[in-house]
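One structure below.
The values are calculated or read from the model by the stated rules, or taken from the named source; none is laboratory data. Just so you know, these numbers come straight off a predicted model, no measurement behind them. As a convention, Cβ positions derive from the backbone with ideal geometry for all residues, glycine included, and neighbour counts pool all protein chains shown.
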Amino acid sequence: TLFVQKLQQCCIIFDFQLDPLSDLKWKEIKRGALNEMIDYITSNRGVITDPIYPEAVRMFSINLFRTLPPSSNPSGADYDPEEDEPNL
């Protein structure tokens with residue numbers, strides 16, 4: 001269905017850290033698809049059927065759960081609470 005296709009389209013991840021202005025067209029398309037889905041499910045009853053749940057969970061998990069960025073302490077020096085200035 002079109003709803004499932006929009007869920008799949010929203011599984012594309014964009015990087016907002018390195019260059020927030022890159023892929024603006026595609027970010028806007030994703031935002032529009034999300035808004036269309038919200039409007040659709042809030043104005044219609046019974047549109048969320050069993051086949052939609054796995055795709056919705058997949059889309060939410062892809063967008064919510066990400067790998068952690070690299071440590072800001074690459075040397076790995078331990079923090080000593082007795083020191084006045086921590087090693088960063």
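Given (1) among the charged types (D, E, K, R); (2) at pLDDT 90 or above; (3) part of a loop (DSSP other than H, G, I, E, B), where does Asp19 come up short, assuming only one miss?
Going through the list (1) among the charged types (D, E, K, R); (2) at pLDDT 90 or above; (3) part of a loop (DSSP other than H, G, I, E, B), Asp19 breaks only (2).
Within segment 40-52, take every residue that is surrounded by fewer than 10 Cβ atoms within 10 Å (Cβ to Cβ) and not hydroxyl-bearing (Ser, Thr, Tyr) and give me the one that is modelled with the lowest pLDDT.
Applying the first criterion (surrounded by fewer than 10 Cβ atoms within 10 Å (Cβ to Cβ)) to segment 40-52 yields 42-46, 50.
If we keep only those that are not hydroxyl-bearing (Ser, Thr, Tyr) too, we end up with 44-46, 50.
Values: Asn44: 94, Arg45: 92, Gly46: 89, Asp50: 93.
By that ranking, first place goes to Gly46.
Hey, Leu34 hits all of (1) surrounded by 10 or more Cβ atoms within 10 Å (Cβ to Cβ); (2) at pLDDT below 95 but one; which does it fall short on?
(2)
Being out of contact with any Cys (no Cβ under 7 Å at 6 or more places or on another chain), assigned to a helix (DSSP H, G or I) and farther than 17 Å from Ile13 by Cβ is the requirement here; does Glu36 meet it? Full working, then the answer.
Values: out of contact with any Cys (no Cβ under 7 Å at 6 or more places or on another chain): yes; assigned to a helix (DSSP H, G or I): yes; farther than 17 Å from Ile13 by Cβ: yes.
Criteria met by Glu36.
Would you tally the residues in segment 39-62 being closer than 13 Å to Gln8 by Cα and either free of Cβ contacts under 8 Å to residues at least 40 places away in the same chain or small (Gly, Ala, Ser) (or both)?
6
Is there any pair with a first residue in segment 1-30 that is of a type outside the set (S, T, N, Q) and a second that is loosely packed, with under 15 Cβ neighbours inside 10 Å and in a loop (DSSP other than H, G, I, E, B) whose Cβ atoms are under 6 Å apart and which are 6 or more apart or on different chains, and what are they?
Pairs found: Asp23/Phe14; Lys27/Phe14.
Would you please name the residue that is nearest to Pro70 (Cα to Cα), looking only at residues in segment 39-59 that are more than 15 Å from the chain's Cα centre (by Cα), hydrophobic (A, V, I, L, M, F, W, C) and not in a loop (DSSP other than H, G, I, E, B)?
The residue in question is Ile52.
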